[in-house]
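A quick write-up on the structure given underneath.
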Amino acid sequence: MKLLLSALVKLAVGFLLIALLLFIPAGTIRYFNAWLFIGLLFIPMTLLGCVLFFKAPSLLEKRLNNKETENTQKRVVAISGMMFLSSFIVAGLDYRFEITRVPFWLVILSSVVFLSSYLIYAEVMRENAYLSRTVEVQKNQRVIDTGLYGVVRHPMYFATVLMFLSIPLILGSFLSLVFLLPYPFVIVVRIKNEEEVLERELDGYSEYKKRVRYRLIPFVW
């Protein structure tokens with residue numbers, strides 16, 4: 001019950017926060033793109049949360065924990081948070097003052113990319129039971145090198161980059177996209193620091209790095 005309550009509270013707080021950040025700057029709740037994004041975000045999130053609650057409650061508990069201990073990761077989380085707050089507020093203002101407009105076909109394409117990223121995210125969670133939101137090495141943790149982890153070392157971050165860069169386009173704002181364009185570079189910092197921790201504390205990770213060369217994007221980096 002404690003886990004269920006924690007999940008429901010975080011879901012409700014997240015919904016309320018995003019709604020306020022979008023609709024208040026927009027000056028109206030008749031902001032179709034905002035409702036589209038909220039649906040694309042929270043419906044799969046709720047379904048995935050239900051699956052984890054019944055099938056893998058320990059993994060759900062890890063995903064709800066976002067208390068970083070690494071100083072570098074704390075800074076990354078803080079910067080990412082400011083970027084998202086800014087992008088949501090700017091998207092609402094962009095809608096109100098009609099500064100930029102994303103064509104409907106691109107909104108739909110971005111929605112498909114967002115949902116596809118969710119599927120990648122779900123597959124990563126299925127493959128890796130140690131998938132915490134914080135950078136840490138858990139008791140009895142082992143290196144996962146199958147499935148998507150055999151293609152890149154950080155498939156979850158690949159999914160999040162696609163997901164987060166598609167959000168401003170779903171919201172219908174090119175101006176909002178400007179505030180999230182640096183996000184991949186923030187993820188690079190997070191990955192480099194995370195790999196330092198994993199090499200130091202997780203047996204077999206150095207060998208895994210030799211087998212799987214690319215961190216985020218195949219044949220690129």
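The values are calculated or read from the model by the stated rules, or taken from the named source; none is laboratory data. None of these values were measured; they are calculated from a predicted model. As a convention, Cβ positions derive from the backbone with ideal geometry for all residues, glycine included, and neighbour counts pool all protein chains shown.
What to note about this one:
- Criterion: part of a loop (DSSP other than H, G, I, E, B), at pLDDT below 90 and charged (D, E, K, R) - qualifying residue of Arg133, Arg101: Arg133
- Within the stretch 105-127, not a single residue is more than 24 Å from Phe42 (Cβ to Cβ), modelled with pLDDT of 90 or more and not aromatic (Phe, Trp, Tyr).
- For the stretch 150-175, the set of residues classified as assigned to a helix (DSSP H, G or I) and over 17 Å from the mean Cα position of the chain (by Cα) consists of Gly150, Phe174, Leu175, listed by residue number.
- Within the stretch 4-50, the residues that satisfy the criterion of being in contact (Cβ under 8 Å) with a residue 60 or more places away in the chain, surrounded by fewer than 17 Cβ atoms within 10 Å (Cβ to Cβ) and not in a helix (DSSP H, G or I) are Gly27, Thr28.
- Qualifying residue in the stretch 69-78 (condition: at pLDDT 85 or above, surrounded by fewer than 18 Cβ atoms within 10 Å (Cβ to Cβ) and under 16 Å from the mean Cα position of the chain (by Cα)): yes
- Of everything listed in (1) under 30 Å from Val152 (Cα atoms); (2) surrounded by 14 or more Cβ atoms within 10 Å (Cβ to Cβ), the single unmet condition for Thr100 is (1).
- Selected residue (criterion: nearest to Met156 (Cα to Cα)) from residues of the stretch 188-221 that are of a type in the set (Phe, Trp, Tyr) and at pLDDT below 90: Trp221
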